[in-house]
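Here the structure comes first, spelled out in structure tokens, and everything after it is commentary.
Bear in mind that the values in this text are calculations on the coordinates, not laboratory data. Since we're looking at a predicted model, the values are computed, not measured. Don't worry about glycine lacking a Cβ; one is built from the backbone with ideal geometry, like all the others, and counts go over all protein chains shown.
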Amino acid sequence: MAFLELHSLTKRFGAITAVEDLTFSVERGSFVSLLGPSGCGKTTTLQMVAGFETPTDGRIVLDGRDLSGVPARERGLGIVFQTYALFAHMTVAENVAFGLEMRKVAKAERTRRIADALDLVHLSHLEDRYPRSMSGGQRQRVALARALVIEPQLLLLDEPLSNLDAKLREEMQLELRRIQREAGVTTLMVTHDQSEALAMSDSIVVMDRGRLRQDATPFDVYEMPQSSFVSRFLGKSNNLAARLGESGPDGAALHCGNVVLHGPKADLPPGPVEIALRPERIALTGPDGGKLRGTVAERVFMGNQWLLRVETEIGDMLVMRYNTGRREADIGETVGLDWNPADIRILPAETNPA
Amino acid sequence: MSARATRAWLLSTPALILFAVLLLVPLLMTFLLSFNSFDFYGGIGSDLSLANYAEVLGDSYFYEIFGRTFLIALITTLICAAIGVPQAYILYRMSPLWRSITVLIVIGPLLISVVVRTLGWAILLGNKGVINTALIDIGLIERPIRMMYTSGGIVLALVHVMVPFMILAVWAALQRQDPAVESAAESLGARPATIFFRIVLPQAIPGVLSGSLIVFSLSASAFATPAILGGRRVKVVATTVYDEFLNTLNWPLGAAIAMLLLASVLVVMLSWNRLVERRFGEVFQ
């Protein structure tokens with residue numbers, strides 16, 4: 001039995017269904033991300049786990065205990081809000097102390113635990129400051145210390161890094177993961193940022209329009225997306241409509257317009273499918289080599305890599321190339337595209353495109 | 001002066017002229033008037049002295065009036081805070097539709113002429129007024145309770161019209177707070193009462209303080225309400241000034257009292273403001 005379990009969780013607001021039949025579990029001590037575009041129901045899910053929203057249907061079980069009817073203040077969860085929600089009229093130490101005071105922790109122990117929590121987030125030197133005079137990153141750490149000091153069973157993070165600038169965000173990703181490991185606290189994070197989810201999580205739950213789309217490790221979600229939505233939401237992907245022919249022992253034939261491509265063996269019945277191919281798996285060859293020929297239509301330099309848009313007879317293909325310091329194919333140049341057939345992912349055709 | 005600064009001054013000229021003509025000039029003339037002498041037979045003299053100030057400051061009669069005025073203003077402020085803070089919080093938690101209806105009700109007293117509103121109170125509070133008649137008729141009291149011509153009656157009517165200022169000031173302060181802080185406190189184990197007193201109220205304090213400033217200064221210089229509900233019996237500074245100008249015709253003395261009122265309200269406001277800045281400057285702003 002997993003530490004946190006959500007069973008067919010459903011939330012309706014009038015006629016709108018925000019979360020539908022959501023089932024997943026979180027192992028003790030792990031870091032799980034709820035990932036999806038805005039409005040996919042991930043925040044509503046977090047609110048239900050926190051106890052701020054009541055599920056229309058379904059159950060939430062934490063460490064074997066059903067949380068239905070347990071008010072938020074008795075759940076004992078640590079929550080870091082998107083806006084940090086620090087108490088502006090209290091110093092850093094007072095902010096961190098609040099949860100301990102509510103638990104009537106004795107003064108001496110309180111002082112020790114506040115010191116430990118601030119130490120964990122590297123803020124010991126700022127305990128007498130007010131939040132207003134601190135930077136975004138520092139406020140974020142205060143919010144984290146305040147949530148962790150009560151030694152919560154579960155830590156909930158609501159878009160914790162979205163209010164930080166890009167450079168700080170990357171630093172905080174590592175920092176947040178370090179703190180989570182040191183504190184050993186089971187963590188559920190809500191985010192719309194796929195790179196954040198990939199970098200930080202043990203497991204990712206991808207949601208779209210209130211439903212679970214995939215629940216797997218970051219590597220599997222990226223490498224083996226089970227739907228067109230997941231393949232396009234995580235990282236860049238070339239998605240093309242195709243028709244799946246009969247699968248032989250060495251793979252399947254995929255008909256894209258007038259071109260026939262070879263892909264790995266598929267479990268799907270012959271018929272319309274969608275194929276996905278990551279831009280970084282495509283190699284450029286001379287105009288006469290490769291599996292497909294095209295013309296470079298656009299070229300973006302991104303420092304460590306190049307992003308090319310190549311027009312081919314089956315549609316535009318994005319190609320990612322590491323910048324090795326050599327010259328890259330120019331706009332208007334005819335190139336050949338090559339890849340390993342095993343890198344093609346065959347997905348069920350999207351019946352209801354997003 | 002740069003062209004930009006010149007243009008800024010030019011653009012503010014109409015407002016500055018209005019301000020100078022309607023406020024600064026009368027104020028300055030009143031100030032000068034307060035140093036003139038007065039004689040019942042000769043009228044206003046042209047000599048300058050501090051005699052009027054000496055008269056006010058040397059007479060316990062005036063101390064009583066100033067004391068009563070500030071006490072009325074202080075009690076009005078305290079009651080307004082006691083009513084305004086919970087009301088503002090309720091307003092803050094309301095759904096948008098009910099909120100707009102309630103805001104209209106809250107500012108209702110300000111939409112009615114001060115004379116009409118105060119005469120309404122007179123109808124309610126008089127010895128033969130609605131409240132006393134009703135209480136006598138149902139047998140709760142035998143003789144009417146005196147409410148007209150008392151400081152209490154003045155406070156009641158002042159609270160009625162001042163409470164919107166307090167509510168709006170506190171509401172504005174509440175709106176500046178992050179709506180998630182209440183959820184944060186709840187998740188840390190706080191009960192609703194604890195959340196209100198330890199999280200919401202402290203963050204509303206700047207609003208209470210600025211609301212108090214408005215209510216206090218308007219109450220201390222209120223004229224129509226004490227004039228109608230206090231009558232001849234309960235004099236406040238503003239009605240005393242009126243009497244000096246229009247009954248005794250001793251304009252210089254009236255001007256001196258007016259100046260003293262202005263000065264004392266200013267002192268209260270500035271020291272209040274400093275206190276607030278020193279106490280909350282680091283936390284808010």
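Using the charge dipole of segment B:51-279 (Lys, Arg: +1 at Cβ; Asp, Glu: -1 at Cβ; taken about the Cα centre), state which of B:PRO144, B:TRP171, B:ILE199 has its Cα farthest towards the positive end.
Of the listed residues, the answer is B:ILE199.
Can you give me the long-range amide H partners of A:GLN305? Hydrogens built in the peptide plane at 1.01 Å from N, cutoff under 5 Å, separation of 5 or more residues or another chain.
So A:GLN305 has HN proximity to A:ASN323.
Evaluate the charge dipole of segment B:51-279 about its Cα centre and quote only its size in Debye, nearest 20, assuming +1 on the Cβ of each Lys and Arg and -1 on the Cβ of each Asp and Glu.
320 debye
Any idea what the relative contact order of segment B:32-116 is, in percent, if you count C-alpha pairs under 8 Å spaced at least 6 apart?
On the way: 32 pairs, mean separation 11.2, N = 85.
This gives 13 percent for segment B:32-116.
Provide the per-residue ³J(HN,Hα) series for segment A:98-108, in order, calculated from phi with Karplus coefficients 6.51, -1.76, 1.60 and θ = phi - 60°, each as a whole number of Hz, with x at glycine and proline positions.
Using θ = phi - 60°, the values come out as 3, x, 6, 4, 4, 8, 6, 6, 4, 3, 5 Hz.
Looking at chain A as a GNM with Cα springs under 10 Å, which of A:ARG113, A:ARG293, A:ARG103 has the largest mean-square fluctuation?
Sorting by GNM fluctuation, first place goes to A:ARG103.
Given +1 on the Cβ of Lys and Arg, -1 on the Cβ of Asp and Glu, and no further charges, what dipole in debye does the protein assembly as shown carry about its Cα centre, rounded to the nearest 20?
That gives the protein assembly as shown a dipole magnitude of about 1480 debye.
Over what distance in Å are the Cα centres of segment B:87-144 and segment B:34-52 separated?
45 Å
Enumerate the amide H contacts of A:ALA18 below 5 Å, restricted to partners 5 or more residues apart or on another chain; note that Pro and chain-start residues carry no placed amide H.
A:LYS11, A:ARG12, A:PHE13
Which of A:VAL206, A:THR10, A:LEU156 sits closest to the plus end of the dipole of chain A, meaning its Cα is farthest towards the positive end, when Lys and Arg get +1 and Asp and Glu get -1 on the C-beta?
Value: A:LEU156.
Where a Cα-Cα gap under 24 Å defines reach, which lysines qualify for A:LYS236, not counting those fewer than 8 residues away within the same chain?
A:LYS42, A:LYS167, A:LYS265, A:LYS291
How many nm separate the modelled label positions at B:LEU18 and B:SER100, each set 7 Å beyond the Cα in the direction of the Cβ?
2.8 nm
Can you work out the Karplus-derived ³J(HN,Hα) for every residue in segment A:307-324? Use 6.51 cos²θ - 1.76 cosθ + 1.60 with θ = phi - 60°, whole Hz, and x for glycine or proline.
10, 10, 10, 10, 7, 10, 6, 9, x, 6, 10, 8, 10, 9, 10, 5, 7, 9
How many angstrom separate the Cα center of segment A:75-119 from the Cα center of segment A:307-348?
Each part's Cα centre sits 52 Å from the other's.
I need the shape label for segment B:30-116. Rule: rounded when a/c is under 1.5, else prolate if a/b > b/c, else oblate, with a, b, c from the alpha carbon gyration tensor.
prolate
Restricting attention to segment B:141-208, which GluC sites (Glu not before Pro) occupy a DSSP loop and are surrounded by at most 12 other Cβ atoms within 10 Å?
Here the GluC sites (Glu not before Pro) that fit, given the DSSP loop and packing criteria, are B:GLU142.
Which of rounded, prolate or oblate describes segment A:4-228 when judged by the alpha-carbon gyration tensor and an a/c cut-off of 1.5?
prolate
Could you go through segment B:253-264 in sequence order and give the Karplus-derived ³J(HN,Hα) for each residue, using 6.51 cos²θ - 1.76 cosθ + 1.60 with θ = phi - 60°, rounded to whole Hz, and x for Gly and Pro?
For segment B:253-264, the Karplus curve yields 5, x, 5, 5, 5, 4, 5, 5, 5, 4, 5, 5 Hz.
Between rounded, prolate and oblate, where does segment B:122-246 land on the alpha carbon gyration tensor, with a ≥ b ≥ c its root eigenvalues, rounded for a/c under 1.5, else prolate if a/b exceeds b/c?
Taking the square roots of the gyration eigenvalues as a ≥ b ≥ c, segment B:122-246 is oblate.
If you count, for every residue in A:75-86, the Cβ atoms of partner chains within 10 Å of its Cβ, what is the mean?
4
Cα centroid distance between segment A:166-240 and segment B:221-285, in Å?
65 Å
Which residue, chosen from B:LEU262, B:GLY230, A:LEU168, occupies the Cα position most advanced towards the positive end of the dipole of the protein assembly as shown, where the dipole is computed from +1 (Lys, Arg) and -1 (Asp, Glu) charges on Cβ about the Cα centre?
B:GLY230
Please work out, to two decimal places, the log10 of the ratio I(q)/I(0) at q = 0.11, 0.13, 0.18, 0.21 Å⁻¹ from a Debye calculation in which every Cα of segment A:239-333 carries one identical scatterer.
After summing over all Cα pairs, the log10 values are -0.38, -0.51, -0.86, -1.05.
Could you size up the charge dipole of segment B:146-285 around its Cα centre, putting +1 on the beta carbon of Lys and Arg and -1 on that of Asp and Glu, and report it in debye to the nearest 20?
That gives segment B:146-285 a dipole magnitude of about 380 debye.
What is the set of long-range amide H partners of A:GLU350 at a cut-off below 5 Å, with H atoms built 1.01 Å from backbone N?
none
Relative contact order for segment B:51-279: what is it in percent, counting Cα pairs under 8 Å that are at least 6 residues apart?
With pairs under 8 Å counted, the relative contact order is 28 percent.
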